[in-house]
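My questions will all concern the structure given below.
What follows draws every value from the coordinates through simple rules; no lab data is involved. Note that the structure is predicted; figures quoted are calculated from it, not measured. Here the Cβ positions follow ideal geometry from the backbone for every residue, glycine too, while neighbour counts run over all protein chains shown.
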Amino acid sequence: MTLSSPLLLVVGLLITAALAWGVVVSARRRTAALAAAGVAVAGGRRTYLGAGLTVAGVGVLAVATAGPAAMVPVPRTAGTVVLAVDVSNSMGAEDVAPTRLAAAQRAARAFVAAQPDSVDIGVVAFERGALTTARPDADHAKALAAIDRLKITGGTSLATAITGSLSAITGKPVAVGRDGTAPDIGYWPSATIVMFSDGQNQGADVEQAAAVAQRAGVHIHTVGVGTTAGATVTVDGYRLQTSLEEETLTLIAQTTGGAYHPASDVARLDGIADTIDLRLTVSDEPLPLAGGLIGLALALLTAGAAFTVLRSGRVI
């Protein structure tokens, strides 16, 4: 149990002790006076039951004023989510209207809106490199603003998207060496990466990066943005054919214990937030006890006053 105002408890208990001492002294004097007058005192301890209940009520009230709280385990949906959004040139394709990137932004915003305040959300924009545009934070407005700022540029590296997202989660740089080695980044079971991409990939080995996330306990859910039929995009004056590559996105999800979510149109993208399950965690949270103690104190005080009146016909 914790107390928000320990000093109030000390003061309250001193007052209670003084009151109890006063009751005892008063009772002894009254007994002595009656004995001196030749009057027998009947009732024994029951005579002082009313005063005892009153003192107990004051003592409980003293504890209540100190703001006691019990730490109880509370299950809740919690953790960290990093939205990794592909901003490479291929995301400018219009096989998902108005463009793949715009559709991914819309889905990402819907995902953020569906999450409780207990979830910290960050945003990583990736192409050949990865940039944390919003660190994981309970203020979801920061994530929404970062999503709105995303612009198309460069090529694509899904491996960099993974390591960049892990960097945002752990707060330190994460990189996979050419030989596949990676530093031990600890275990982060309450962290999730949601990757929005068309699966087009260049550069580093995706499997090695996914293995790093898997060892860290980080699930990656991948969202395929685009169609397998594909579309053309213009890059530096050249028209290039680009299509959704589901195989790589599925591999990433399966390696890390996540799931692949195909989404070939905006309507299906809007439902992604409902299909991604965050893990439940149990955390100790304070449960205020003052209200219950005040109720108990009032009950004791009322019982004490009633018993005193019934026994002696007076309140004190």
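Taking only Cα atoms and a 10 Å spring cutoff, compute GNM fluctuations for the chain and point out the largest among ALA78, ALA93, ALA306.
Greatest mean-square fluctuation among the candidates belongs to ALA306.
Express the C-alpha Rg of region 157-261 as a ratio against the empirical globular expectation 2.2 N^0.38 Å, rounded to two decimals. Write down the numbers at each step before the final one.
On the way: Rg = 14.5 Å, N = 105, 2.2 N^0.38 = 12.9 Å.
Computed over Cα atoms of region 157-261, the ratio equals 1.13.
Which value in nm describes the separation of the simple spin-label points at GLU207 and ALA114, placed 7 Å from the Cα toward the beta carbon?
Computed distance between label sites GLU207 and ALA114 equals 3.2 nm.
Tell me, Kirkwood radius of region 75-282 from alpha-carbon pair distances, in Å? Write out the running numbers ahead of the final one.
Details: mean 1/r = 0.0602 Å⁻¹.
By the Kirkwood definition, the hydrodynamic radius is 16.6 Å.
Here's something else I'd like to know. Could you tell me which residue out of GLY217, VAL235, THR192 lies farthest along the dipole of region 184-249 toward its positive end? Charges go on the beta carbon: Lys and Arg +1, Asp and Glu -1, centred on the Cα centre.
Positive-most Cα among the choices belongs to THR192.
Using the charge dipole of region 75-282 (Lys, Arg: +1 at Cβ; Asp, Glu: -1 at Cβ; taken about the Cα centre), state which of ALA253, PRO136, SER157 has its Cα farthest towards the positive end.
In region 75-282, that residue is PRO136.
What 222 nm value per residue comes from the helices of the chain, counting each DSSP H run with n ≥ 4 as -39,500 (n - 2.57) and dividing by all residues, nearest 500 deg cm²/dmol?
Numbers: 10 runs with 138 residues, N = 316.
My calculation for the chain gives -14000 deg cm²/dmol from helical runs alone.
I've got another one for you. Remind me, relative contact order of region 75-282 in percent, using alpha carbon pairs under 8 angstrom and six or more residues apart? Provide the component values of the computation, followed by the final result.
Details: 494 pairs, mean separation 54.5, N = 208.
Relative contact order of region 75-282: 26 percent.
Please identify, among ARG239, ARG128, ARG28, the residue showing maximal mean-square fluctuation in a Gaussian network model of the chain using a 10 angstrom Cα cutoff.
ARG28
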